[in-house]
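A quick write-up on the structure given underneath.
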Ligand code: MG
């Protein structure tokens, strides 16, 4: 079988742009609870086709960078240059030791990069060819020269966005001394007389330049809030340990089920799927499928989290209630909270873990089974 190509992402974020206000470089402006830069970094860092992500930053942006990329697994940043092209050059040099086959170069100023767009660019990568996301012009375009409105033929006019994908070696070879005159990598590529393809761009990839764009981006980042609810029950049988919330707790019973029967994670998965309105756990991981026999339920959570990312969403909060008489949850609460936070890629303070008994009443009270409830809040693109 052919080895899959090694594809890396390079984000240019060295600009000192303060035109958008806020008293800091625009790529670090907070937007819906995280920095503008972090949106595209997360999109690359979580995309299965991307082997690694490197960011070219400004010489005095170290502190901003650290804060903006906290918890993400990235290649060490490089210091970019005065012009965008200088930063691309520095970034490519920084990536060279990874021996990429292809590189996707992206502007930090375009925060709303979807997994679907990365897919389109990645699928269009070909040896010897470049690829850009592009959109047609809807407006009539004219060039104003002194006081004359010159006509510009609209047909065939395209707005070119990023990430732009290129074979790494060829793009690196084009990095000569005077790259600074090129406003994007496609321009440099075309100047080298090399073929360029395009895929459909995305209106939401709008470049954030001024204060007005920031206002738009804030509204877009807010998106809409969706809430999902999940409920699950599993029967208790004799055992030595019980899986609850992704951790194994020593106990004289275990939960019975096709997978590891982690009732807490099952309720959580249903809550995520509910917020996405994408069915339920049984539909995605049917118990009739031998593949899920004794499966670690954290796999189900990871898949649900991938679906959130694929929809361009993010998890705002999860709240869980475990209903049982035994085992006592209190000694394990912090471990469950940590484990679920790491599965959801969120901070532990965004995961509530609570336990209750039913005062000896009903199946949970009699110790016949354990029930769990989960509520998940997502933000999704409007
Ligand atoms: Mg279940």
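I need every pair where a residue in region 219-246 that is more than 16 Å from residue 317 (Cβ to Cβ) has its Cβ under 6 Å from the Cβ of a residue that is part of a strand (DSSP E or B) and away from the ligand (no atom under 14 Å from the Cβ), sequence separation at least 6 or different chains. The qualifying pairs are 221/31; 236/253; 239/253; 241/248; 241/250; 242/249. For region 289-306, a residue qualifies if it is part of a loop (DSSP other than H, G, I, E, B) and either under 15 Å from residue 341 (Cα atoms) or more than 26 Å from the chain's Cα centre (by Cα) (or both), and the qualifying residues are 289, 293, 294, 297.
Looking at region 132-148, can you tell me whether even one residue there is closer than 16 Å to residue 84 by Cβ and touching a strand residue (DSSP E or B) at 6+ places or on another chain (Cβ under 8 Å)? Scanning region 132-148, I find at least one residue that is closer than 16 Å to residue 84 by Cβ and touching a strand residue (DSSP E or B) at 6+ places or on another chain (Cβ under 8 Å), so the answer is yes. So residue 190 fits all but one of (1) farther than 22 Å from residue 163 by Cα; (2) part of a helix (DSSP H, G or I); (3) in contact with a strand residue (DSSP E or B) (Cβ under 8 Å, 6 or more places away or on another chain); what number is the exception? Failing condition for residue 190: (1). Among the residues of region 225-235, the ones that are over 23 Å from residue 338 (Cβ atoms) and either within 13 Å of the ligand (Cβ to nearest atom) or at pLDDT below 95 (or both) come to 4 in all. Which members of region 282-302 meet the condition of being out of contact with any helix residue (DSSP H, G or I) (no Cβ under 6 Å at 6 or more places or on another chain) and touching a residue at least 24 places away in the same chain (Cβ under 8 Å)? Selection gives 287, 292, 293, 294, 295, 296, 302.
Against the conditions (1) under 29 Å from residue 341 (Cα atoms); (2) surrounded by fewer than 22 Cβ atoms within 10 Å (Cβ to Cβ), residue 99 satisfies every one except (1).
Within the option set 271, 241, 267, being more than 9 Å from the ligand (Cβ to nearest atom), closer than 26 Å to residue 346 by Cα and either surrounded by fewer than 20 Cβ atoms within 10 Å (Cβ to Cβ) or modelled with pLDDT of 95 or more (or both) holds for one residue only, 271. Taken over region 247-264, residues that are away from the ligand (no atom under 14 Å from the Cβ) and part of a loop (DSSP other than H, G, I, E, B) amount to 2. Answer with yes or no whether residue 331 is more than 23 Å from residue 72 (Cα to Cα) and in contact with a strand residue (DSSP E or B) (Cβ under 6 Å, 6 or more places away or on another chain). So residue 331 fails the test. As a summary of the residue check, residue 284 satisfies the conditions (1) away from the ligand (no atom under 13 Å from the Cβ); (2) at pLDDT 90 or above; (3) closer than 26 Å to residue 43 by Cα; (4) surrounded by 14 or more Cβ atoms within 10 Å (Cβ to Cβ) except for the one numbered (1).
Total residues in region 114-135 satisfying the condition of being outside any strand (DSSP E or B) and at pLDDT 95 or above: the figure is 11. The selection criterion, being farther than 28 Å from residue 169 by Cβ and out of contact with any helix residue (DSSP H, G or I) (no Cβ under 7 Å at 6 or more places or on another chain), holds for residue 16. Only one of the listed residues (124, 90) is in contact with a strand residue (DSSP E or B) (Cβ under 9 Å, 6 or more places away or on another chain) and surrounded by 18 or more Cβ atoms within 10 Å (Cβ to Cβ). That residue is 90. Of the listed requirements (1) away from the ligand (no atom under 13 Å from the Cβ); (2) touching a helix residue (DSSP H, G or I) at 6+ places or on another chain (Cβ under 9 Å); (3) more than 23 Å from residue 329 (Cα to Cα); (4) in contact (Cβ under 8 Å) with a residue 12 or more places away in the chain, residue 279 misses just one: (4).
Taking the criterion of being assigned to a loop (DSSP other than H, G, I, E, B) and free of Cβ contacts under 8 Å to residues at least 12 places away in the same chain, the residues of region 140-154 that qualify are 146, 147, 152, 153.
The values are calculated or read from the model by the stated rules, or taken from the named source; none is laboratory data. What you see is a predicted model, and the numbers here were worked out from it, not measured in a lab. Please note: Cβ atoms are built from the backbone with ideal geometry, for glycine as well, and neighbour counts cover all protein chains shown.
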